[in-house]
């Protein structure tokens, strides 16, 4: 019997249920720690003519006030993924470019006093014209955010795969959609937190932050603090109150608080409040997309032409413009489309800079692609599901290389769709629709097919560079995952991983994997997940993003367990007088396969290399094994800009039935079915949790949530009473189905599953609403007010 | 009504989870900060500080309340219950806590304390809730991880076990 595959109770939960979690604000601080508060810009775009801080510096309890003067003197700018003559600092330098941009930091004895002193800082602003909509950013006459750029277009690249011109010329039909995907964020319930300290004698920073990775950001922070990487010790707390990508965006504050601690000469702690978080932490990108298909008479798509304008806000913050390129290898989705052209532009606007957010590029891309598939069906008078089925990558074609260079690892898309249609009850749903419509109700059905990428190639972002620029910069590729297994002198097993969990139960799953490998129980394995870059094994790909835990980190754990098991097997073979190949691990014992009585307790064998290394052959000392694993499939972008942007590709097929209230425009979800092929399922309960949680996030993005800005760049959704999250009253129970195609590229056959519904669900709901209302164009969010305005004429 | 000096720290005596405790706070100090940083009860979490998310929910004199919308000086003489007092003894979870663990009704756990404190009160008032009324009650809590489905399942399961006990 294997532990993997069972929904065992989580080892994390008892502490979290009893108030014994150890989140960043629970850990206590060194004696003498000071507290920071941040003064933020009220303007979307303005020159800073003067900052007067004398009164604040003299205020009760205040130790220091930090402005751009200190930050530019002691630090450097934050490097971004593209080369452009612009600088991004963790604090506004000379001008502010979005509402909420940090302008000054007060460091005081407590947070209350620090906030008091913020009121005493006087800033003279000279407001400038601002750019809010990405459409305006393309206008050469609009105000320019960064003088070095001359315009607000930071990158403009075109790509061509196959022969799209020929396909369009020969196509029976050309069908297009134009969409604008709005801004939103997954807003974890715990906000950002940083505790920073600086040692002037070693010129070294020691910083605790609820940062989630990727640790490719570590060198960015080190550069911003002007120290080599070994003088930036970055640690994470044992528990995190959720992230969904968002806590990648704490990194500018890591740099800012590092400098604040240096100036203050004391440790400095900062806990972001919710108003700061909503206004100025980070956002997903909003994106304008025009997507056109060359379509044969039967609905087969022969080419796609993408034109994407990505709005990254006021600065290009690392790893942006990654949101735009994360999906590059799977721009054809779940479909067998061989000809693609792409134009990708990155624009700057006077809004909060963007960063990681669950789905990361997928919601935007699939919103356009799957709206397009529905439009093809409607314009050609075909069944939308038939258009999807007709274009799917066929069974038996895996691994399948996409036109843009992605390698779809495994799956059987037609079979998964057929299973979902059958097991999800599509026929019954269609009957419900027919009877609802017969009563005059507005009932629609939507479909979506999506490929869910996981384990990002650390080189995909360099697709934004030209091949010539890439040659100059040197290749970037791969995705190092790491795991360390240690045996202690009493034979107990400890594991450390650099996955920086944000509540997903990584410690439980890793214990299951190692227990299986070593014939132990999960309770025998102790897993530690807090990170310390000064002591732990890590690499740039470490962290919690791109759904990499199950496929990559668990794979590294499995390889480390196998390596230590092989050493233990050879040591046991010598003691039990059988070949190493006949050694088995089970029930806390190590025994000969054909004679289970010929056995050793696991603990005794595991302790041997500590107590009696002389009895173990050289090279077989089983003490601690650290494995780094990077998949060979993740190559750098090619000369033709082909890129395998992710290692694994899960498959999702969703369908739903919705009703739009004829009077109020309120959207009611009647039924939602989501079929997942995420490879081998390691813990069904956690997979269900990821799917259901992702579904709720997607529902929020689809219906309720939007970061709204006024024409003057003012921020209109600054509280949880304005930025509406779904509650128990809004989230229905989705029907979750599985089709299992193990990945041939990961040690355990698992793929990521954390983000898929954020990609599939918003557009599935939009397709259903478009079907219900009989409309061709619809953008998110599908709020009652918007839908009420779209109700068909003559509705009651 | 007693008048408090804004610049002075005031002694606050209260009962938390059945034990008498005391501490000092300026009138403007939030109860969340007092619980967490003065009394060291960090199980109560701060998610929004404007009363919407529900993460900071505790029980004040037997009724659920947002600790982030309460000043520490307001609870002088009150009886508080927080998540730290829910488990019957170290090493043993309450029926409600066990149901949460069994149903995977938490992921990051940050909102969980508030939800537990609300449900602990609610299931005593309403031992046999229907799913719709339970969902309506839980509408005062935001969770970003679970999608609520397992929370509702855990609460219904706990209600049944408490009734059967």
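The values are calculated or read from the model by the stated rules, or taken from the named source; none is laboratory data. From a predicted model like this one, the values you see are computed outputs, not experimental measurements. Here Cβ is always computed from backbone atoms with ideal geometry, including for glycine, and neighbour counts include all displayed protein chains.
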### residue A:223 being over 17 Å from the mean Cα position of the chain (by Cα), within 14 Å of another protein chain (Cβ to nearest Cβ), at negative phi and surrounded by fewer than 24 Cβ atoms within 10 Å (Cβ to Cβ)
no
### Message
Out of the helices (runs of 4 or more DSSP H) lying entirely within segment B:110-165, which hold 1 or more residues that are in contact (Cβ under 8 Å) with a residue 12 or more places away in the chain, under 18 Å from residue B:44 (Cα atoms) and under 18 Å from the mean Cα position of the chain (by Cα)?
### Response
B:112-125, B:131-138
### Query
What number of residues in segment A:30-68 are touching a helix residue (DSSP H, G or I) at 6+ places or on another chain (Cβ under 8 Å), part of a loop (DSSP other than H, G, I, E, B) and surrounded by 16 or more Cβ atoms within 10 Å (Cβ to Cβ)?
2
### Task
Scan segment A:661-716 residue by residue and report those that are farther than 30 Å from residue A:749 by Cβ, assigned to a loop (DSSP other than H, G, I, E, B) and within 14 Å of another protein chain (Cβ to nearest Cβ).
A:705
### Task
Out of the residues in segment A:6-56 that are without any contact (Cβ under 8 Å) to a residue 24 or more places away in the chain and away from every other protein chain (no Cβ under 11 Å), state the one that is farthest from the chain's Cα centre (by Cα).
A:54
### Task
Filter segment A:558-582 for residues that are in contact with a strand residue (DSSP E or B) (Cβ under 6 Å, 6 or more places away or on another chain) and either free of Cβ contacts under 8 Å to residues at least 12 places away in the same chain or not in a helix (DSSP H, G or I) (or both) and give the result.
A:573, A:578
#### Entry: Condition check for residue A:355: surrounded by 24 or more Cβ atoms within 10 Å (Cβ to Cβ), out of contact with any strand residue (DSSP E or B) (no Cβ under 8 Å at 6 or more places or on another chain) and closer than 30 Å to residue B:48 by Cα
no
### Summary
Checked segment A:153-191 for anything assigned to a loop (DSSP other than H, G, I, E, B) and more than 26 Å from the chain's Cα centre (by Cα); matches are A:162, A:163, A:171, A:172
### Task
Could you check, for segment A:85-94, whether at least one of its residues is surrounded by fewer than 20 Cβ atoms within 10 Å (Cβ to Cβ), within 27 Å of the chain's Cα centre (by Cα), more than 14 Å from chain B (Cβ to nearest Cβ) and assigned to a loop (DSSP other than H, G, I, E, B)?
yes
### Message
Please go through (1) within 14 Å of chain B (Cβ to nearest Cβ); (2) more than 24 Å from residue A:101 (Cα to Cα) for residue A:265 and return the number of the only condition it doesn't satisfy.
### Response
(1)
### Query
Does segment A:621-629 include one or more residues that are outside the structural domain of residue A:384 (by TED's automatic domain parsing) and either over 38 Å from the mean Cα position of the chain (by Cα) or surrounded by 24 or more Cβ atoms within 10 Å (Cβ to Cβ) (or both)?
yes
### Residues of segment B:94-106 satisfying the condition of being in a loop (DSSP other than H, G, I, E, B), in contact with a helix residue (DSSP H, G or I) (Cβ under 6 Å, 6 or more places away or on another chain) and either surrounded by fewer than 24 Cβ atoms within 10 Å (Cβ to Cβ) or at the interface with chain A (Cβ under 7 Å from one of its Cβ atoms) (or both)
B:103, B:104, B:106
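Condition check ((1) facing chain A (nearest Cβ under 7 Å); (2) in contact with a helix residue (DSSP H, G or I) (Cβ under 9 Å, 6 or more places away or on another chain); (3) assigned to a helix (DSSP H, G or I); (4) touching a residue at least 60 places away in the same chain (Cβ under 8 Å)) across all residues:
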| residue | (1), (2), (3), (4) |
| --- | --- |
| B:15 | no, no, no, yes |
| B:23 | no, yes, no, no |
| B:28 | yes, yes, no, no |
| B:35 | no, yes, yes, no |
| B:47 | yes, yes, no, yes |
| B:51 | no, yes, no, no |
| B:59 | no, yes, no, yes |
| B:65 | no, yes, no, no |
### Query
From A:211, A:215, which residue is touching a residue at least 40 places away in the same chain (Cβ under 8 Å), under 28 Å from residue A:503 (Cβ atoms) and out of contact with any helix residue (DSSP H, G or I) (no Cβ under 9 Å at 6 or more places or on another chain)?
A:215
